[in-house]
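Input: a single structure, listed below in structure tokens.
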Amino acid sequence: MSMTTNPNEAPGKAQGIPLLSKLSNLPKKALWITGIVILVLAAAGGGYAYYESTQTVSETTSENALQTATATRGDLIIYASGTGTLISKNESDLAFSTTGEVTEVFVKVGDKVEAGTLLAQIDETDAQAAYLQANRTYLELTSPSAIATAQQTIADATTSVSDAWSTLAYLISPEALRAEDQINEAEATIAESEAKLKESPNDEEAKKALEKAKSNLEVAQNALNEAQGRYVSYYIPKYFSDGVDLNAPSEGEILAARAELELAKATLQEAKYLYAALTGGDVPENATGSGLTELEQARSDLETAQADLDGTRLIAPISGTIMSIDISVGDSVSSGSAVVTIADLSQPYLEVYLDESDWSSVVVGYETEVIFDILPDRTYNGVVTQVDPGLYSSNNTSVVRALVQLTGIGADDFKLPLGTAASVDVIGGRAEDAVLIPIEALHQAGDQYAVFVMENGVPRLRVVEIGIQDLLYAEVISGIEAGETVTTGIVETQ
């Protein structure tokens, strides 16, 4: 931590010795010291009470004399000093995302460009051809004809489901199949409700749905049992008898009919997924279907082709100044290799490093004063915008790293190059045209301060309000006026 003081008048001629630190070394005959000690102890216990205006020192000796200083007006600044480097807070190293030969470079170092500006180009012949092919394939799969075909598939699949259901219903009885459908529906609702309640145990709607589904499941199971009983006693004799023999459906016929129904349902569902994807509807993540897979692959191929085509162009991601260019027309470039650097110089920043002992003195929002090495006669103002939460290691030393934004300057008025070194003072406190006294004059008890002020040649204790202070001086907010004389210690005389 560094401090600076700029009083208009020197507080004293000699270096003072703090008053209380000399008490144990004084001669016993200096009885007036006892009065001072009592005053300080009284202050610690009762806020200095009435002593500040009444108590005086009544006796001095020829062997000991009070040292004094005059309260003056001046500026007191508390600051932490560090070093900084001019940087751009927003800087990008740009690279092509594909490999090729450079055909155009549209900018030069020092140019100012807007975000979205085309900076350079590599040969796009192959990428353009691949994009056109991928786009054509995707357009064919999403054409009006493809959408109409998906609608027709849904219609055909709906008919197939109906036919397959009728076939199975004939084999096991419509009554039994309807009961099976009701059981499947109730079980699906139960699973869905239980999943909701697992996430939200207090979901009242899910609780009601679960209870209703359980009730429906019980009803459907009873209905299925009754249907299966009538199937043997009534349905088979009626529909599968030639008058003499019973020709009940075989287990294989029933299994084949069930499989046909499930296939028809799956085909219908996949057709609906594809139609939703073609028309912008919602498609679940677990949706399946060959048509949907083909469409998703075509979309992925188109996105890849678009990215490859875009990768042949180098576009400015931010508005800024071109800092460097490492390519020329005819060069072969590799994907991911930085070839252009762009930086936003509209608002200069400094990367600042300070001693770790200054950690508590560097806070976001604190003002700063900056002097660049190449402009030693000018001071720039700034503000701390960022302080790293951890210490930064540099050359086996731990330091505080912060960012400082320069203020009060325009982009066109600031021409220093990035990397310019500077000294930076972070202002932790500032008192201008304040009443200042030496630190040695202060006596502290608890959170209160007192000072001995010379009145008619006699020191009197006075409570004062203190502001900021450094190692040498303290700001007096109230209690002392400039020009008054305070004691700063005892000087032994021979």
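The values are calculated or read from the model by the stated rules, or taken from the named source; none is laboratory data. Just so we're clear, the structure is a prediction, and the values are computed from it rather than from any experiment. Every residue, glycine as well, gets a Cβ built from its backbone with ideal geometry; the counts of neighbours run over all protein chains shown.
Is it true that some residue in segment 118-134 is part of a loop (DSSP other than H, G, I, E, B) and either of a type in the set (Ser, Thr, Tyr) or within 30 Å of THR341 (Cβ to Cβ) (or both)? Checked segment 118-134: at least one residue is part of a loop (DSSP other than H, G, I, E, B) and either of a type in the set (Ser, Thr, Tyr) or within 30 Å of THR341 (Cβ to Cβ) (or both).
Inspect segment 175-183 for any residue being assigned to a helix (DSSP H, G or I), more than 18 Å from ALA257 (Cβ to Cβ) and of a type outside the set (Asp, Glu) and give the result as yes or no. Working first, answer last.
In the first step, residues of segment 175-183 are kept if they are assigned to a helix (DSSP H, G or I); the result is 175-183.
From what's left, more than 18 Å from ALA257 (Cβ to Cβ): 182.
Add one more test, that the residue is of a type outside the set (Asp, Glu), and what stays is 182.
Yes, because at least one residue in segment 175-183 is assigned to a helix (DSSP H, G or I), more than 18 Å from ALA257 (Cβ to Cβ) and of a type outside the set (Asp, Glu).
The set of residues in segment 124-137 being exposed (fewer than 15 other Cβ atoms within 10 Å of the Cβ) and either among the charged types (D, E, K, R) or within 41 Å of the chain's Cα centre (by Cα) (or both) consists of ASP126, GLN128, LEU132, ARG136. Selection within segment 356-402: residues that are in a strand (DSSP E or B) and in contact with a Gly (Cβ under 7 Å, 6 or more places away or on another chain). The member of this set that is surrounded by the fewest Cβ atoms within 10 Å (Cβ to Cβ) is ASN381. Going by the structure shown, is ILE466 touching a residue at least 40 places away in the same chain (Cβ under 8 Å) and assigned by TED's automatic domain parsing to the domain that holds LEU66? Considered against the rule, which asks whether it is touching a residue at least 40 places away in the same chain (Cβ under 8 Å) and assigned by TED's automatic domain parsing to the domain that holds LEU66, ILE466 comes out as no. Can you find a residue that is over 39 Å from the mean Cα position of the chain (by Cα), surrounded by 13 or more Cβ atoms within 10 Å (Cβ to Cβ) and of a type in the set (Val, Ile, Thr) anywhere in segment 95-113? The answer is yes, given that some residue of segment 95-113 is over 39 Å from the mean Cα position of the chain (by Cα), surrounded by 13 or more Cβ atoms within 10 Å (Cβ to Cβ) and of a type in the set (Val, Ile, Thr).
Got a sec? Which of GLN405, GLN444 is in a strand (DSSP E or B) and either in contact (Cβ under 8 Å) with a residue 40 or more places away in the chain or more than 47 Å from the chain's Cα centre (by Cα) (or both)?
Details: GLN444 fails: either in contact (Cβ under 8 Å) with a residue 40 or more places away in the chain or more than 47 Å from the chain's Cα centre (by Cα) (or both).
Of the residues listed, the single one that is in a strand (DSSP E or B) and either in contact (Cβ under 8 Å) with a residue 40 or more places away in the chain or more than 47 Å from the chain's Cα centre (by Cα) (or both) is GLN405.
For the structure I just gave you, tell me whether LEU406 is touching a Gly at 6+ places or on another chain (Cβ under 9 Å) and among the aliphatic types (A, V, I, L, M).
Details: touching a Gly at 6+ places or on another chain (Cβ under 9 Å): yes; among the aliphatic types (A, V, I, L, M): yes.
Spelling it out, LEU406 is indeed touching a Gly at 6+ places or on another chain (Cβ under 9 Å) and among the aliphatic types (A, V, I, L, M).
The single condition among (1) more than 17 Å from ILE468 (Cα to Cα); (2) outside the structural domain of GLY483 (by TED's automatic domain parsing); (3) out of contact with any Leu (no Cβ under 7 Å at 6 or more places or on another chain) that VAL370 does not meet is (3). Considering (1) in contact with a Leu (Cβ under 9 Å, 6 or more places away or on another chain); (2) free of Cβ contacts under 8 Å to residues at least 60 places away in the same chain; (3) more than 18 Å from GLY82 (Cβ to Cβ), the lone condition that LEU418 does not fulfil carries the number (2). Scan segment 460-483 for residues that are closer than 26 Å to ALA65 by Cβ, among the acidic types (Asp, Glu) and buried (at least 19 other Cβ atoms within 10 Å of the Cβ) and the total you get is 0. The set of residues from segment 327-355 being part of a loop (DSSP other than H, G, I, E, B) and hydroxyl-bearing (Ser, Thr, Tyr) comprises SER328, SER334, SER335, SER337, SER346. Of the listed requirements (1) over 30 Å from ASP388 (Cβ atoms); (2) surrounded by 13 or more Cβ atoms within 10 Å (Cβ to Cβ); (3) in contact with a Gly (Cβ under 8 Å, 6 or more places away or on another chain), SER335 misses just one: (2). Of all the listed residues (GLU199, GLU140), the sole one being surrounded by fewer than 13 Cβ atoms within 10 Å (Cβ to Cβ), within 28 Å of LEU274 (Cβ to Cβ), assigned by TED's automatic domain parsing to the domain that holds TYR231 and among the charged types (D, E, K, R) is GLU140. Just one of the listed residues (SER173, SER233) is exposed (fewer than 15 other Cβ atoms within 10 Å of the Cβ), more than 45 Å from the chain's Cα centre (by Cα) and either modelled with pLDDT of 95 or more or assigned by TED's automatic domain parsing to the domain that holds ALA256 (or both), namely SER233. Taken together, GLN306, GLN347 contain a single residue that is among the polar types (S, T, N, Q), touching a helix residue (DSSP H, G or I) at 6+ places or on another chain (Cβ under 8 Å), at pLDDT 95 or above and surrounded by 14 or more Cβ atoms within 10 Å (Cβ to Cβ), which is GLN306. Against the condition over 30 Å from LEU292 (Cβ atoms) and small (Gly, Ala, Ser), how does ALA223 come out, does it pass? Answer is yes for this residue. Within the set of pairs 6+ apart or on separate chains, which have a first residue in segment 138-162 that is among the aromatic types (Phe, Trp, Tyr), a second that is part of a helix (DSSP H, G or I) and surrounded by 14 or more Cβ atoms within 10 Å (Cβ to Cβ), and C-beta atoms under 7 Å apart? The qualifying pairs are TYR138/ALA298; TYR138/ARG299; TYR138/LEU302.
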